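**Q** Right, I'll just put the structure down here and ask away after.
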Amino acid sequence: MAMAVQIRRYGGPEVMEIVDLPVGDPGAGEVRIRHAAIGLNFIDVYQRTGLYANPLPLVLGMEGAGVIEAVGPGVDHLAPGDRAAYASNPPGSYSQARVMPARCVVRLPDEIAFDTAAGMMLKGLTVQYLLKKTQPQGGLQPGDAIVWHAAAGGVGLIACQWARAMGLQLIATAGSDEKCALALEHGAVHAINYRRENFVDRVRAITGGAGVKVVYDSVGKDTFDGSLDVLQPFGLLASFGNASGPVPPFAPGMLGPKGSLYLTRATLFTHLATRESTQAMADDLFAVVCSGAVKIRIDQRYPLSEAGRAHEALEARSTTGSSVLLP
């Protein structure tokens, strides 16, 4: 048996229950992992509310790190005793231990602590596929300006550092002066407090009216229109989250007059479809973290039993950096 955080219906943090569940043994292509730390992400909120629906009852959580306890038939890249980490479907990381598909679980370098891994796998792999694989026409070159919304969060602070390592000029937006300062400290070249300033006007001023090649937007409804308005002709809006709510329906024809723009709704798990692609992306993430170019900031730690309080803080946008749950 293992303690877990489960929901039986969709709703607010109050629907999260602490339960004891059987763990069992791994089957073919599976591993059993005992968690040392668990990542907290906005996708967990979407699954709790039902915005991203899953069969119920559901143990929440997409990210964790710990030690492999057992492997099933056909698993040859992991062994009992290995340090390991993952960002993976299906949900279930809000638990002391779980059985899960081995495909998206990778060995964790000794240089990376468990809590660091739990705070970086989903967020860091998200930044990896966005900056490296979700690019505008012609790609991104050193010196190019990009906009990154919610830049002081766990994903954003990794993006600020990784973009700096790539030579990009990242323009950050955030909801307070303190969060803007944090983004600048981590590699953003400009930071805009969207509560005090119109980010469209500021981005246009910063770029001399030219706009940017790409906007990476996890905020959704509140920033969608402005994100389109700061793009250069043929620019790309990469929408990858809905922190302020989902984007309302819109007419695709509006993209033409704004400059023949491109729009994509990106998701990490398309990129993690095979073990080979997962390993390659994780190797890239591990390399940039082990080099020191990207440092993972863990600003909030909660006991697993207080996952509801962690969700409240995340939804209030009162967190910075990454948050982890400790079983």
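**Q** What pairs come up if the first residue lies in the stretch 176-193 and is without any contact (Cβ under 8 Å) to a residue 60 or more places away in the chain, the second is among the basic types (Lys, Arg) and surrounded by fewer than 23 Cβ atoms within 10 Å (Cβ to Cβ), and their beta carbons are under 6 Å apart, counting only those six or more places apart or on different chains?
**A** Qualifying pairs under 6 Å: 187/164; 192/202.
**Q** Could you give me the residue pairs with C-beta distances under 8 Å whose first residue belongs to the stretch 312-323 and is more than 18 Å from residue 296 (Cα to Cα), whose second residue is polar (S, T, N, Q) and at pLDDT 90 or above wherever it lies, and which are 6+ apart or on separate chains?
**A** That search, which allows pairs on different chains as well, returns 313/300; 313/323.
**Q** Now a separate question. Looking only at the stretch 246-259, which residues are assigned to a loop (DSSP other than H, G, I, E, B) and surrounded by 12 or more Cβ atoms within 10 Å (Cβ to Cβ)?
**A** 246, 247, 250, 258, 259
**Q** Can you tell me how many residues in the stretch 204-227 are part of a helix (DSSP H, G or I), touching a strand residue (DSSP E or B) at 6+ places or on another chain (Cβ under 6 Å) and not small (Gly, Ala, Ser)?
**A** Counting residues in the stretch 204-227 that are part of a helix (DSSP H, G or I), touching a strand residue (DSSP E or B) at 6+ places or on another chain (Cβ under 6 Å) and not small (Gly, Ala, Ser) gives 1.
**Q** Counting only residues that are under 19 Å from residue 311 (Cβ atoms), surrounded by 24 or more Cβ atoms within 10 Å (Cβ to Cβ) and free of Cβ contacts under 8 Å to residues at least 60 places away in the same chain, how many does the stretch 82-137 have?
**A** Looking only at that region, the number is 1.
**Q** I need a count of the residues in the stretch 185-228 that are acidic (Asp, Glu) and surrounded by 20 or more Cβ atoms within 10 Å (Cβ to Cβ).
**A** Residues that pass the stated criteria total 1.
**Q** Any residue at all in the stretch 299-308 that is basic (Lys, Arg), under 15 Å from the mean Cα position of the chain (by Cα), closer than 20 Å to residue 179 by Cα and surrounded by 15 or more Cβ atoms within 10 Å (Cβ to Cβ)?
**A** No, the stretch 299-308 contains no residue that is basic (Lys, Arg), under 15 Å from the mean Cα position of the chain (by Cα), closer than 20 Å to residue 179 by Cα and surrounded by 15 or more Cβ atoms within 10 Å (Cβ to Cβ).
**Q** Output the qualifying pairs, or none if there are none: Cβ atoms under 8 angstrom, residues six or more apart or on different chains, first residue in the stretch 283-306 and closer than 11 Å to residue 124 by Cα and assigned to a helix (DSSP H, G or I), second residue charged (D, E, K, R) and modelled with pLDDT of 95 or more.
**A** 284/132; 289/295
The values are calculated or read from the model by the stated rules, or taken from the named source; none is laboratory data. What you are looking at is a predicted structure, and each value in this text was computed from that prediction instead of being measured. Glycine also receives a Cβ, built like all others from the backbone with ideal geometry; neighbour counts cover every protein chain displayed.
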